[in-house]
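As structure tokens, the structure follows; a few thoughts come after it.
Nothing in this text is a laboratory measurement; each read-out follows from the coordinates by a stated rule. Computed from a prediction, not measured in an experiment: that's the story for all the values here. Here Cβ is always computed from backbone atoms with ideal geometry, including for glycine, and neighbour counts include all displayed protein chains.
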Amino acid sequence: SPMDPQRLVFPPLPASVFGLLMYATTVTLFPKGIASGLCGGMFLGYVAYDLTHYYIHHGQPSTSYFRRLKTYHIHHHYMHQQLGFGISSKLWDYPFGTQIPEDDENSKTK
């Protein structure tokens, strides 16, 4: 279930393999110092994304911004699985045409 707090978004073994492949690719394309900085930034960005995703699923948002994101994301899981991929923002759903229709976004969920 998408609302299971024990469910891992990116389990450790595949995440480690992916991270090592990303580092190997990056260090091949850039000097080691730049590659390390890029990989560190990607890692921190992913951790921020994952924490936000977990909060959207299991937290009780106190701001209207995060309450709207939680509603939007719940609609993604239960009404429009092929739409609404934005987690921390709806921004990228617009250029990719994956935004949830506003009428549905304002309706009640399960």
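Under the condition of being surrounded by 11 or more Cβ atoms within 10 Å (Cβ to Cβ) and small (G, A, S), the residues counted in segment 54-72 number 1.
Selection of segment 23-75 for residues being polar (S, T, N, Q), outside any helix (DSSP H, G or I) and over 18 Å from the mean Cα position of the chain (by Cα) yields S62, T63. Answer yes or no: is there a residue in segment 85-92 that is in contact (Cβ under 8 Å) with a residue 60 or more places away in the chain and within 21 Å of P5 (Cα to Cα). No, segment 85-92 contains no residue that is in contact (Cβ under 8 Å) with a residue 60 or more places away in the chain and within 21 Å of P5 (Cα to Cα). Filtering segment 16-53 to residues that are surrounded by 14 or more Cβ atoms within 10 Å (Cβ to Cβ) and farther than 25 Å from F66 by Cβ leaves G19, M22, Y23, T26, V27, F30, A35, S36, L38, C39. Look at (1) of a type outside the set (D, E); (2) out of contact with any helix residue (DSSP H, G or I) (no Cβ under 9 Å at 6 or more places or on another chain); (3) part of a helix (DSSP H, G or I) and you find that A15 fails only one, number (2).
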